[in-house]
Amino acid sequence: MFFFHRPTDLQIGDNLRALRDTPLSYHEQGCTRAEAVKGFTVDHHRALLGYGSSSFERAKAALSSWKMFPPSMATLYWPDAPIETGTVVSVLFRAGPIWSLNSCRIIYCLDEDGATERFGFAYGTLKDHLECGEERFSVEWNHQDDSVWYDLRACSRPQHWAAYLGYPIIRFEQARFRKLSGQSMHWASSAD
């Protein structure tokens, strides 16, 4: 959804309510679990956050508070939304004079024990999103070397005509988002 002015909280809330029960905009639900998905571009970014259990707990808290969204690039509505299957959120981006509101629904959550503990979730795009596909945000604690990582995996393809037309710009902005997201998680999960 596009705007030539920053949308109001009321407009964003109305949009979220209207999309709450709509289907995902793609059929390949769970594609962030696959190595490759036909017809989608798959992107992956990892950032080292620290070491040990306290680093992992801080990273989990940062992810649960949606701190992976770089404020210089994106605004999440609403940052107090619960990390649970079915939650619908919108992300507001600005490109010059145009504001783009993109909505997604959490489709699965991760909370895994083992040699590598994982915590996170994936959300899938709804019909007002520029792209269609899925993005997974997770943090991992590898017990073998005690390292804690932020892991972002996305599979996407253009959905809106503007995304097709501006695909090189979209790809640039996606790469920029991944890098800034890793930095945001690093800052948010660092010890004081």
(message) Checking the cross-link filter: which lysines have an alpha carbon closer than 28 Å to that of residue 60, excluding same-chain neighbours under 8 positions apart?
(response) 179
(request) Pairs of Cα atoms under 8 Å, at least six residues apart: use those to get the relative contact order of region 55-144, whole percent. (result) 23
(message) At a 10 angstrom cut-off on C-beta neighbours, averaged per residue, how do the peptides 133-139, 38-44, 173-179 rank from highest to lowest?
(response) 133-139, 173-179, 38-44
(request) Just order 46-57, 151-162 by mean Cβ neighbour count inside 10 Å, highest at the front, would you? (result) 151-162, 46-57
(request) Divide, for region 1-152, the radius of gyration over alpha carbons by 2.2 N^0.38 Å, where N is the residue count. (result) 1.09
(request) Run down the aspartates and glutamates and flag those whose C-alpha is under 12 Å from the C-alpha of residue 127, throwing out any fewer than 8 positions away in its chain. (result) 21
(request) If a cysteine in the chain has no other Cys Cβ under 4.7 Å from its own Cβ, put it on the list, ordered by number. (result) 104, 109, 132
(message) Only counting other Cβ atoms within 10 Å, I'd like 64, 103 sorted with the fewest neighbours first.
(response) 64, 103
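Readers should treat all values here as calculations from the given coordinates under stated rules, not as data from a laboratory. Just so it is clear, the structure is predicted and the values come from calculations on it, not from any experiment. As a convention, Cβ positions derive from the backbone with ideal geometry for all residues, glycine included, and neighbour counts pool all protein chains shown.
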